[in-house]
């Protein structure tokens with residue numbers, strides 16, 4: 001018995017890899033491989049799309065439109081993130097359980113708020129968007145709330161983990177000096193957690209921009225909406241122009257957050 | 001004689017962190033102003049009677065109130081949705097598989113220390129070109145959301161599981177490639193120097209030195225991405241790429257809100273399952 005478990009210990013990585021490969025092969029059987037996989041004329045479309053990649057439409061009119069749409073996407077993402085940060089700090093602090101006095105109430109607030117945060121992030125932002133559009137109509141708020149809820153859930157959970165991971169010695173020093181729970185939070189936990197929190201928020205901000213692009217699918221404006229319109233017109237040259245604007249936006253934010261994260265570590 | 005006191009000169013130093021916070025505040029104010037002024041989003045207008053009516057109707061529909069047989073009590077629709085759930089699972093596994101294959105084929109030249117020739121101890125002139133080229137492809141595929149990829153791919157392939165998996169794979173290929181290239185950049189160089197001093201060729205160094213060191217981390221990242229992919233499978237279905245998402249869209253368009261609830265239940269179940277499986281597998285691999 002011991003021998004078997006020992007040999008399992010050695011080979012468990014190989015077994016896991018094999019299992020994953022088997023799962024992938026199993027998934028391949030779901031597709032009916034054959035010529036009917038591709039549209040008639042699909043190959044020609046592919047060639048056309050690929051060719052127009054090198055000839056994006058760059059008239060001033062399109063660029064103007066793209067700039068406004070990019071800004072709209074960015075502003076929805078920023079607005080959604082502001083709400084998400086507020087939600088995340090409130091729920092994250094409660095989910096970390098540092099405010100609770102007794103062991104029992106600590107467990108309770110941890111359990112309840114971690115559960116809420118888990119539910120918020122389990123559902124994709126586009127589904128939230130659709131549910132909001134169905135209930136409050138086509139306003140930018142639908143996009144903003146739809147971004148704020150899942151991102152609040154993700155950020156809140158990470159904030160709670162960061163707060164729980166701060167070194168305990170300074171907190172104990174404050175506590176023995178007679179600080180209250182609230183003072184412990186503001187002078188102990190939050191200042192120590194701040195740089196990690198900012199760097200994770202920046203990372204998520206980049207994701208939020210991408211999500212905000214996708215919001216257009218349920219009818220909310222932005223660069224995604226322009227891409228969709230151009231695609232429906234079969235105007236691939238325009239599609240790539242908008243795509244390039246989106247890529248530039250994402251890359252710029254990526255650069256910003258990379259530099260900021262490096263400075264915060266120093 | 002009076003002694004002169006030397007005061008340290010106050011020098012303005014550019015502080016990137018403070019500068020970033022300033023930009024962030026400006027961005028936040030500008031965005032909210034834009035939404036409020038240009039898009040004329042009226043916050044008070046959210047709480048009109050009309051909205052309350054629709055929200056109530058929607059919520060009632062979701063809980064199946066006033067419907068004879070809500071979809072979540074109907075065996076036939078359960079069967080249908082469970083079959084779609086199974087398909088969605090297959091789609092996510094396929095997407096993760098394609099992304100991993102693409103990553104494994106390209107990741108080695110995409111690491112900076114390979115391009116510099118530190119890792120394989122062989123300098124080639126084309127390494128830097130290959131490095132730049134693959135990194136640009138990573139950025140390109142990563143910056144475009146999976147739904148937009150799906151919108152384009154649906155022009156080429158017929159609706160079904162495959163185009164959805166492909167769209168998810170393209171987007172995740174960029175992310176997983178970047179993460180795994182960073183893993184290679186962080187590998188310990190000592191075992192590799194040891195191999196090299198024993199006379200191993202660059203291919204042998206790759207197989208016996210680099211691969212064993214990075215594979216566990218690769219597996220962790222692949223599993224983590226698979227978890228994310230499961231969450232997004234429903235989204236690529238919206239544009240006709242099969243799975244739960246397509247049914248969700250149809251149910252929404254036909255105002256069959258109780259079916260929406262059923263689909264969401266299955267979806268949440270799938271997400272929870274993915275969490276448990278990937279957690280277990282990660283424990284096994286570490």
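A compact table of results
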read-out: Qualifying residue in the stretch B:144-166 (condition: modelled with pLDDT under 90, farther than 30 Å from residue B:242 by Cα and either touching a helix residue (DSSP H, G or I) at 6+ places or on another chain (Cβ under 6 Å) or surrounded by fewer than 20 Cβ atoms within 10 Å (Cβ to Cβ) (or both)); value: no
read-out: Some residue of the stretch B:168-188 being within 30 Å of residue A:37 (Cβ to Cβ), free of Cβ contacts under 8 Å to residues at least 24 places away in the same chain and assigned to a helix (DSSP H, G or I); value: no
read-out: Residues of the stretch A:231-266 satisfying the condition of being in contact with a helix residue (DSSP H, G or I) (Cβ under 8 Å, 6 or more places away or on another chain) and under 12 Å from residue B:144 (Cβ atoms); value: A:239, A:240, A:242, A:243, A:245, A:246, A:247, A:249, A:250, A:251
read-out: Cβ pairs under 8 Å, 6+ apart, first in the stretch A:75-89 and under 12 Å from residue A:145 (Cβ atoms), second outside any helix (DSSP H, G or I); value: A:76/A:220; A:76/A:222
read-out: Which listed residue, of B:72, B:133, B:98, is modelled with pLDDT of 90 or more and more than 23 Å from residue B:219 (Cβ to Cβ); value: B:133
read-out: Single match in A:159, A:186 (criterion: away from chain B (no Cβ under 14 Å) and either in contact with a strand residue (DSSP E or B) (Cβ under 8 Å, 6 or more places away or on another chain) or buried (at least 21 other Cβ atoms within 10 Å of the Cβ) (or both)); value: A:159
read-out: Enumerated helices (runs of 4 or more DSSP H) restricted to the stretch B:191-286, each holding at least 2 residues that are more than 30 Å from residue B:156 (Cα to Cα) and under 27 Å from the mean Cα position of the chain (by Cα); value: B:211-236, B:257-285
read-out: Per-region count, the stretch A:218-240, residues more than 9 Å from chain B (Cβ to nearest Cβ) and part of a loop (DSSP other than H, G, I, E, B); value: 5
read-out: Conditions (1) farther than 24 Å from residue A:77 by Cβ; (2) in contact (Cβ under 8 Å) with a residue 24 or more places away in the chain: number failed by residue A:191; value: (2)
read-out: Residue count, the stretch B:111-143 (criterion: facing chain A (nearest Cβ under 9 Å) and either in contact with a strand residue (DSSP E or B) (Cβ under 9 Å, 6 or more places away or on another chain) or surrounded by 21 or more Cβ atoms within 10 Å (Cβ to Cβ) (or both)); value: 2
read-out: Given (1) more than 10 Å from chain B (Cβ to nearest Cβ); (2) assigned to a helix (DSSP H, G or I), index of the condition residue A:166 fails; value: (2)
read-out: Residue check for residue A:117: surrounded by 18 or more Cβ atoms within 10 Å (Cβ to Cβ), closer than 30 Å to residue B:57 by Cβ and within 24 Å of the chain's Cα centre (by Cα); value: yes
read-out: Test for residue B:97: is it under 20 Å from the mean Cα position of the chain (by Cα) and more than 18 Å from residue B:205 (Cβ to Cβ); value: yes
read-out: Number of positions in the stretch A:126-147 that are in a helix (DSSP H, G or I) and over 12 Å from residue A:215 (Cβ atoms); value: 4
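Condition check ((1) surrounded by 21 or more Cβ atoms within 10 Å (Cβ to Cβ); (2) more than 10 Å from every other protein chain (Cβ to nearest Cβ); (3) in contact with a helix residue (DSSP H, G or I) (Cβ under 9 Å, 6 or more places away or on another chain)) across all residues:
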| residue | (1), (2), (3) |
| --- | --- |
| B:220 | no, yes, yes |
| B:226 | yes, no, yes |
| B:234 | yes, no, yes |
| B:265 | no, yes, yes |
| B:273 | no, yes, yes |
| B:276 | no, yes, no |
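The values are calculated or read from the model by the stated rules, or taken from the named source; none is laboratory data. Everything numeric in this text was worked out from a predicted model, so none of it was measured. No Cβ is skipped: glycine too gets one built from the backbone with ideal geometry, and neighbour counts run over all protein chains shown.
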